[in-house]
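Presented below is the structure to which this report refers.
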Number of protein chains: 2
Amino acid sequence: MSETAIRLRDIRSFHVGGQTVELTGQPQQTVRVSPDAAPRTVDLNGQYITGQLYAQHFMLERPRSDVPVLFWHGGAMTGVTWETTPDGRPGWAQMLLREGRDVVVSDAVERGRSSWSPYPQIYDTAPLFRTAEDAWYLFRMGTADGFSSDPAARRPFPRQRFPVARFDQLCAQFVPRWTSNADASIAAYSELVSGFDRVVIVAHSQGGWFAQRVAAQLPDRIEAIVLLEPAGAPQMDEAQLRACAAVPHLYVWGDYCDDHPAWATYKSDAIAHSEKLRALGGTASHLDLPERGIRGNSHMPMMDDNSGDVLSLVSDWLATQPSREAAEAH
Amino acid sequence: MSETAIRLRDIRSFHVGGQTVELTGQPQQTVRVSPDAAPRTVDLNGQYITGQLYAQHFMLERPRSDVPVLFWHGGAMTGVTWETTPDGRPGWAQMLLREGRDVVVSDAVERGRSSWSPYPQIYDTAPLFRTAEDAWYLFRMGTADGFSSDPAARRPFPRQRFPVARFDQLCAQFVPRWTSNADASIAAYSELVSGFDRVVIVAHSQGGWFAQRVAAQLPDRIEAIVLLEPAGAPQMDEAQLRACAAVPHLYVWGDYCDDHPAWATYKSDAIAHSEKLRALGGTASHLDLPERGIRGNSHMPMMDDNSGDVLSLVSDWLATQPSREAAEAH
């Protein structure tokens, strides 16, 4: 028991956002809820809540800061991203709790405990599913032809820091997702942020797009945004960019970005966006790990073997950002 | 800050169970992962993990017992069942942690953070969705015609203890579920139980069916099962019944069971099953709340306004059951 204890005042979970929708004209079904249960009629016509978002708020007994860190995961993932790593090490959520920060781990709309809605009745489109092959290449474990259905035969990039022996455990975390629910997602994330006086957002991949969208709406509530390999950049008008520029941004990049065409594009789009923020007087720093001499990070720095070191660099940057009190005194 | 602190040695989450499946012959798709992102090709052919189960293990600094309580939710729900109630009170998970019990909150296979798989490619059937109307009647908030789309116009049963003003917050917790994944679910739950030396299982509704199935396979690992309104009883042969009879059972029943035909049947089926366990020398007690003079409980006793009182009765019963040490000394 070498780890410090985590002393919590409370653990509170809740759903925010969402709206009531009504389905009509659906056929009736007779089902058994378990193989041996008596059959009963299920009527799909009726009311549903759609667009809600699940969050779990860990509240420390003695937090060092009254500003919680909100963790927003990426595409085809859930809040599990921030918990125990696939090879059983503490996740960033546990690490930050041990550093004295309250954390809020959420599942995006339509994923995990946030639930999802019937399609095409409520959602416009069918979901996407992530294969192991897709993740191997897209998450930059290795080249596409380095994947094998035999785990022992997989060939990761040299110096790969992701615990590739547990790659299938990462795949067990994947969930289906849609690409047509951006408005509902932004609304629910905005409601989540609005439930706090002030927050820091640490967002991964697709979550970064949501974080920047929400920052444009609620800049006064967001002390800083940490974007871990955002999947590109949101298209923003001048007013949105100006609002976003009031929120300090840290971008974090792993290794091998030039080895996948999508990442080369996402990264250059994000850099271009950050330059617009800087042109408006904003803080937009890039922590490019390979440029710092830290090689081998995948798309999942919160799971890589140096996840604690990367988090320390993030925490160091956060410590340099002015708190609200300082900003107000200014 | 009136609540006692929760002092944790660690919080560990993980997926157990599941297997690798391969999809072939699926069409390629070009997608944008967010509305402004560059398009990329998604190939659905490839490997998936299916049948895995997510669990979150809260490990106290100083547990009073080395036997954790595993919470298994019911149909169309997730582990959120055991967390903060829809009206913001502590859930049974937090209550038991404060009582000094380690708890493990899991999502059933195919639900919540456990993820789900494409159908009909991997799952045989389409999912079921739960409407507010269905839940109102089935969870015994009131009669079917007591539901209204206008929350203020809903008519709950007299003495209803569920916080009906927050009924829509309960509906926000619902997730789709299948009725064709029993084998995968039992396999994953068995693997979850096998990861511990000894456990107590507290199971709700459909979860009770899984708990009894797993008890028949792993009776030596299960110190007791608490069945909160199980949705009927598993069909078991003599050997399975005999294995199950080695595990003490407590059944808990709320009010209004005669006001819904499914519950009248489920309850009588469960009582008949418990009589078989007793005939084999097993302990199978029924905590019938209305018979005890406790009126007004819905199908969700862990959320009703007397949830703490019901948990105390459950804890009292657990305290009367022999621990393994006592059983081995016997």
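The values are calculated or read from the model by the stated rules, or taken from the named source; none is laboratory data. Bear in mind that the values here come from a model prediction, so they are computed numbers and not experimental data. FYI the Cβ positions are ideal-geometry reconstructions off the backbone, even for glycines, and counts take in every protein chain you see. All accessible areas refer to the heavy atoms of the entire protein, side chains included, with ligands and DNA or RNA removed. Shrake-Rupley method; radii C 1.70, N 1.55, O 1.52, S 1.80 Å.
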**Item:** Cβ pairs under 6 Å, 6+ apart, first in region B:223-243 and assigned to a strand (DSSP E or B), second aromatic (Phe, Trp, Tyr)
**Value:** B:Leu227/B:Tyr251
**Prompt:** Does A:Gly79 satisfy the criteria of being at the interface with chain B (Cβ under 10 Å from one of its Cβ atoms), of a type in the set (Gly, Ala, Ser) and over 23 Å from A:Leu318 (Cβ atoms)?
**Reply:** no
**Request:** Identify, by number, the condition in (1) part of a loop (DSSP other than H, G, I, E, B); (2) within 14 Å of another protein chain (Cβ to nearest Cβ); (3) surrounded by fewer than 23 Cβ atoms within 10 Å (Cβ to Cβ) that A:Ala272 doesn't meet.
**Result:** (1)
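Determine whether region A:53-71 contains at least one residue that is closer than 30 Å to B:Asp145 by Cβ and not aromatic (Phe, Trp, Tyr).
Step one: filter region A:53-71 for residues closer than 30 Å to B:Asp145 by Cβ, giving none.
No, region A:53-71 contains no residue that is closer than 30 Å to B:Asp145 by Cβ and not aromatic (Phe, Trp, Tyr).
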**Prompt:** Among (1) within 26 Å of B:Asp258 (Cβ to Cβ); (2) part of a helix (DSSP H, G or I); (3) touching a residue at least 24 places away in the same chain (Cβ under 8 Å), where does B:Met141 come up short?
**Reply:** (2)
**Request:** Inspect all residues belonging to region A:220-232 and state whether any of them is open to solvent by 10 Å² or more (accessible area, probe 1.4 Å), closer than 23 Å to A:Glu191 by Cβ and not basic (Lys, Arg).
**Result:** yes
**Prompt:** Among the candidates B:Leu60, B:Leu44, which residue alone is modelled with pLDDT under 95 and surrounded by fewer than 24 Cβ atoms within 10 Å (Cβ to Cβ)?
**Reply:** B:Leu44
**Request:** Consider A:Val214 carefully, then state whether it is within 14 Å of the chain's Cα centre (by Cα), in contact (Cβ under 8 Å) with a residue 40 or more places away in the chain and buried (at least 24 other Cβ atoms within 10 Å of the Cβ).
**Result:** no
**Message:** What's the total number of residues in region B:233-247 that are open to solvent by less than 20 Å² (accessible area, probe 1.4 Å) and not hydrophobic (A, V, I, L, M, F, W, C)?
**Reply:** 1
**Message:** Considering only residues that are within 26 Å of the chain's Cα centre (by Cα), at the interface with another protein chain (Cβ under 7 Å from one of its Cβ atoms) and in a loop (DSSP other than H, G, I, E, B), which ones fall in region B:4-53?
**Reply:** B:Ala5
**Fill in**
Flagged in region A:144-182 as of a type in the set (D, E, K, R), in contact (Cβ under 8 Å) with a residue 12 or more places away in the chain and open to solvent by 30 Å² or more (accessible area, probe 1.4 Å), in numbering order, are A:Arg155, A:Arg159, A:Arg161, A:Arg166, A:Asp168
**Message:** Looking at the structure I just gave you, is B:His260 more than 30 Å from B:Asp102 (Cα to Cα) and either in contact with a Phe, Trp or Tyr (Cβ under 8 Å, 6 or more places away or on another chain) or touching a residue at least 40 places away in the same chain (Cβ under 8 Å) (or both)?
**Reply:** yes
**Item:** Qualifying residues in region A:86-99 (those that are open to solvent by less than 10 Å² (accessible area, probe 1.4 Å) and in a loop (DSSP other than H, G, I, E, B)) - the one farthest from A:Arg64 (Cα to Cα)
**Value:** A:Pro86
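For the structure I just gave you, tell me whether B:Ala135 is under 18 Å from the mean Cα position of the chain (by Cα), open to solvent by 20 Å² or more (accessible area, probe 1.4 Å) and among the small types (Gly, Ala, Ser).
Numbers: under 18 Å from the mean Cα position of the chain (by Cα): yes; open to solvent by 20 Å² or more (accessible area, probe 1.4 Å): no; among the small types (Gly, Ala, Ser): yes.
Here the answer is no, as B:Ala135 does not meet what is asked.
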**Message:** Whether any residue in region B:105-127 is more than 7 Å from every other protein chain (Cβ to nearest Cβ), open to solvent by less than 10 Å² (accessible area, probe 1.4 Å) and either among the basic types (Lys, Arg) or part of a helix (DSSP H, G or I) (or both) is what I want to check.
**Reply:** yes
**Request:** Return the total of residues in region B:311-330 being modelled with pLDDT of 95 or more and in contact with a strand residue (DSSP E or B) (Cβ under 7 Å, 6 or more places away or on another chain).
**Result:** 4
**Prompt:** Out of the residues in region B:140-175 that are small (Gly, Ala, Ser) and at the interface with chain A (Cβ under 9 Å from one of its Cβ atoms), which is nearest to B:Gly112 (Cα to Cα)?
**Reply:** B:Ala172
**Prompt:** Is one or more of the residues making up region B:183-197 over 30 Å from B:Ala245 (Cα atoms), open to solvent by 40 Å² or more (accessible area, probe 1.4 Å) and free of Cβ contacts under 8 Å to residues at least 40 places away in the same chain?
**Reply:** no
